[in-house]
Amino acid sequence: MAPAALTLGARRFEWGSRTYVMGVVNVTPDSFSDGGRHAGTDAAIAHGLALAESGADLLDVGGESTRPGSLPVSADEELARVIPVIEGLRARTDVPLSVDTTKAAVAREALKAGAHLINDITGFSSDAGLSRVVAEAGAACCLMHIQGTPATMQQAPRYDDVVEDVLAFLEAAILRAESAGIPRGRILLDPGIGFGKTFEHNLFLLRRLPELRVLGLPLLVGTSRKGFLGRLAGGKPASERLAATLGSVASMAALGGADVARVHDVTEARDALAVADAIRRCEDGGTFYAR
Ligand code: 7PM
């Protein structure tokens, strides 16, 4: 059985009908060249609107870089980056907004400003107040698996069985969410590609994504421009990983793995997914879920 449909603002997500696309809107200093905060805000809003025009089903606004080796930013700095972008997008599009944050203080203001979903890359394992903020707002959340913290996670990732470990972590994350009062129907799960994983761990997780379906919740997966794709494409930098990204997105859709693909390149990902989803469905109209 497919998980229950999810309504976020003006949009309804019917899991199993197709692979939805989350567009990435970065609001970090390394994501806009110069011109200061105001220029950065305007550029991020314009970029989000362009992604919405391109067919993004959801936008993910992030003010804290989680790049391997990166250090946390203060809540005040994150708020100053993210809130004006949420407000600007809310005024101009009805595409639901997600906020990539691990902090209750940021989530609280972002939800007040009109965001619909909190994307916590630590699966409610870092800020004890975050789950309550989500519950009180009646918001949705995406709970991601991570081993370690962004500062150190890529130094020595280790698992006995990466799929079993991710499953156990996500089960615990669901419990944290439910005990705070978040209904199951408002939770998405994410295996956290690249977050405390070697090249081989990432490939294993993608190949075995369907095993995460036992949790009964929709899966969001982010592979866009990540390091393992650069390596598979012969050592390309992030700016040259679009084709490799589309290979990963189509594969995970065809393998029956993802309900939402988190990508930077929305137009191209929608085309790739239209193909992969059509091939997956043509025989029996099949979803990833038994009926
Ligand atoms: C630099 C390197 C900046 C990598 C940002 C990143 C995910 C996420 C990110 C993901 C969910 C990126 C990452 N990745 N949230 N946030 N799942 N739920 O590639 O895979 O965008 S940040």
Legend entry - Among 121-131, 263-273, 215-225, the order from most to least packed when residues are scored by Cβ within 10 Å on average: 215-225, 263-273, 121-131
Legend entry - Hull volume in cubic angstrom per residue (convex hull over the Cα atoms of the chain): 119
Inset, instruction - Pull up the DSSP beta bridges for the range 1-100 and report the antiparallel fraction as a percent, rounded to 5. - result: 25
Legend entry - Proximal lysines to LYS197, defined as alpha-carbon separation beneath 17 angstrom and excluding residues fewer than eight positions away on the same chain: LYS226
Legend entry - Two-decimal ratio, the range 81-204, of alpha-carbon radius of gyration to 2.2 N^0.38 Å: 1.10
Inset, instruction - Compute the distance in nm between two label points, each set 7 Å from the Cα along the Cα-to-Cβ direction, one at ARG92 and one at ALA128. - result: 4.1
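Any read-out appearing in this document is the output of simple, stated calculations on the displayed coordinates, not a laboratory observation. All values derive from a computational prediction rather than experimental measurement. All Cβ positions, even for glycine, are placed from backbone atoms using ideal geometry, and neighbour counts span all protein chains on display.
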